[in-house]
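Everything below concerns the one structure shown next.
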Amino acid sequence: MAMSIYDRFGIPTIINAKGPSTRLSGGFLDADVATAMTEAATMCVEMTELHAGASKVIAQVTGAEAGIVTSGAAAGLLMGTAACMTGLDPGKMSRLPDTSGMKNEVIMVRSQRNSYDHAVRGAGARIVEVGLPDRYAGAGVRDAEAWEIREAITERTAAVCWVATGSAQPALAEVARVAHGAGVPVLVDAAGQLPPVTNLKRFLAEGADLVAFSGGKAIGGPQGSGILAGKRDLIMSAILQHLDLDVYWEQWTPPASLINKDRLPGAPPHGIGRPCKVGKETVIGLLVALQKFAAETDEARSRRLGAIAQRLHAALAGVDHARVELTAGMTPKVELHLMKDAPRTALQLCVDMERASPAAVYADPSRTRNGVVVFNPWCMREGDAERVAAVVKPLLRY
Ligand SMILES: *Cc1c(COP(=O)(O)O)cnc(C)c1O
């Protein structure tokens, strides 16, 4: 095979049968997205104009008033939190992460706390937890309830952060009702909630004021990209805290659709979101990917991924000491259920697959405690199904 760009730098490539996770470099770009990024990289634009153009595309696809391309969903959470704390006050923007004298508490349901909420704290906010997750502890059936969120709201509350999952409680509409009743915005982490494609609009329709998506996961954009979409004022605040504003006030003419200069007493200096820089090629790549993602039906996507899963299912046929299952659903997957007499545990199998040569194979290890290794077709390329089977089969043989 021809030398790849990774070979040139002595970096091994992998077979990614886990899905578009950040640690495994996300997915890969479709040729249209890669071409668009290459072309975008050969010209210059004024960055606020670029973000204003992007905002229109994001608004159209998500139903939001406005939106921006971020360097990831986590960056969206950081900038969204900052926007909820500062509003359009450039003095507050320039003080962050010092939040003295401003609303700086973000309410979260305790069972929704996760590693990514560091981005919320990174903006300078303090997280206030509510509810006891009895349903996860096994001690009972309940989780946080809307009244607990309402009771936790004080004059210091900047936002409620709600993490979208299939089982999140209370429901977003209820959370939005109590938050909005007290004039508090709701920020939704929907990083990994695509597909279904309807989720691009759903959280905003259910009452979110801001929603953050990953661009490098299912959308198929550049690995270091994401979207923050929502209310016009909050997006204006977020972009003001992100843009490079090394410009004379008289010289600065931002498009009013994104930044209404008349509403500002002055421009803030570089803000808390400035380290989350996105390049022009990233913005364009994300937009092209987003349009393609929104144009493909869930059924067509599911059929396309299902064909890869079926190939892997067929290639794994006859494997020793394990049962192979093809699962239905929006993303069809292949599950390998190890039998008690298998030569390795499921986790050991994952470790050994990752040490295989010529190419390491990464699968989803999250169910290995139950003896199951899951293969996700999302980032598998032509020929990978056979390569995966060729690595797995000898490892399950004595
Ligand atoms: C992946 C993920 C993130 C981070 O997204 P990035 O685009 O990698 O910044 C945040 N929250 C959740 C729930 C995620 O799954």
(Q) Exactly one condition in (1) within 16 Å of the ligand (Cβ to nearest atom); (2) surrounded by fewer than 24 Cβ atoms within 10 Å (Cβ to Cβ); (3) modelled with pLDDT of 95 or more is false for Ser167; which is it? (A) (3)
Q: Could you tell me whether Ala238 is out of contact with any Cys (no Cβ under 6 Å at 6 or more places or on another chain), crowded, with 16+ Cβ neighbours inside 10 Å, touching a residue at least 24 places away in the same chain (Cβ under 8 Å) and not in a loop (DSSP other than H, G, I, E, B)?
A: yes
Q: Give just the number: which of (1) closer than 20 Å to Leu228 by Cα; (2) open to solvent by less than 20 Å² (accessible area, probe 1.4 Å); (3) within 16 Å of the ligand (Cβ to nearest atom); (4) under 18 Å from the mean Cα position of the chain (by Cα) does Gly19 not satisfy?
A: (1)
Q) How many of the residues making up the range 106-139 are in a loop (DSSP other than H, G, I, E, B), within 16 Å of the ligand (Cβ to nearest atom) and surrounded by fewer than 20 Cβ atoms within 10 Å (Cβ to Cβ)? A) 2
Q: Considering (1) under 24 Å from Asn104 (Cβ atoms); (2) surrounded by fewer than 18 Cβ atoms within 10 Å (Cβ to Cβ), say which one Arg142 fails and leave the rest.
A: (1)
Q: Hey, can you tell me all the residues within the range 199-219 that are closer than 24 Å to Gly329 by Cα, more than 13 Å from the ligand (Cβ to nearest atom) and touching a residue at least 40 places away in the same chain (Cβ under 8 Å)?
A: Leu200, Lys201
Q: Can you confirm whether the range 231-244 contains a residue that is closer than 23 Å to Tyr116 by Cα, within 13 Å of the ligand (Cβ to nearest atom) and of a type in the set (A, V, I, L, M, F, W, C)?
A: no
Q: Kindly check whether there is at least one residue in the range 87-105 that is open to solvent by less than 50 Å² (accessible area, probe 1.4 Å), assigned to a strand (DSSP E or B) and in the same structural domain as Gly285 (by TED's automatic domain parsing).
A: yes
Q.
Looking at Thr282, Thr297 in this structure, which one is open to solvent by 50 Å² or more (accessible area, probe 1.4 Å), of a type in the set (Ser, Thr, Tyr) and in contact (Cβ under 8 Å) with a residue 40 or more places away in the chain?
A. Thr297
Q. Pick from the range 29-42 the residues that are assigned to a loop (DSSP other than H, G, I, E, B) and in contact (Cβ under 8 Å) with a residue 24 or more places away in the chain: which of them is farthest from Leu240 (Cα to Cα)?
A. Asp30
Q) On the given criteria, is Ile227 of a type in the set (A, V, I, L, M, F, W, C) and not in a helix (DSSP H, G or I)? A) yes
Q: Find the residue count for the range 1-16, including only residues that are open to solvent by less than 70 Å² (accessible area, probe 1.4 Å) and without any contact (Cβ under 8 Å) to a residue 24 or more places away in the chain.
A: 2
**Q.** Any pair with Cβ under 6 angstrom, 6 or more apart, that starts in the range 160-181 at a residue that is farther than 13 Å from Ile107 by Cβ and ends at one that is of a type in the set (S, T, N, Q) and open to solvent by less than 70 Å² (accessible area, probe 1.4 Å)
**A.** Ala164/Gln193
**Q.** Qualifying residue in the range 331-354 (condition: at positive phi and open to solvent by less than 70 Å² (accessible area, probe 1.4 Å))
**A.** no
Q.
Being β-branched (Val, Ile, Thr) and either under 27 Å from the mean Cα position of the chain (by Cα) or part of a helix (DSSP H, G or I) (or both): is that true of Val324 here?
A. no
Q: Please enumerate the residues belonging to the range 249-279 that are open to solvent by 20 Å² or more (accessible area, probe 1.4 Å), under 23 Å from the mean Cα position of the chain (by Cα) and within 15 Å of Glu46 (Cβ to Cβ).
A: Gly279
Q. Quick check, is Ile308 β-branched (Val, Ile, Thr), at pLDDT 95 or above and closer than 30 Å to Ala119 by Cβ?
A. no
(Q) I'd like the full set of residues that are away from the ligand (no atom under 16 Å from the Cβ), open to solvent by less than 10 Å² (accessible area, probe 1.4 Å) and not in a helix (DSSP H, G or I), limited to the range 57-86. (A) Ala66
Q. For Asp246, which of the numbered conditions (1) surrounded by fewer than 24 Cβ atoms within 10 Å (Cβ to Cβ); (2) over 22 Å from Leu172 (Cα atoms); (3) out of contact with any His (no Cβ under 9 Å at 6 or more places or on another chain) fails to hold?
A. (3)
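The values are calculated or read from the model by the stated rules, or taken from the named source; none is laboratory data. Just so you know, these numbers come straight off a predicted model, no measurement behind them. Heads up, the Cβs are rebuilt from the backbone with ideal geometry, glycines too, and the neighbour counts pull from every protein chain shown. Areas reflect the complete protein model, heavy atoms only, side chains present, ligands, DNA and RNA absent. Shrake-Rupley method; radii C 1.70, N 1.55, O 1.52, S 1.80 Å.
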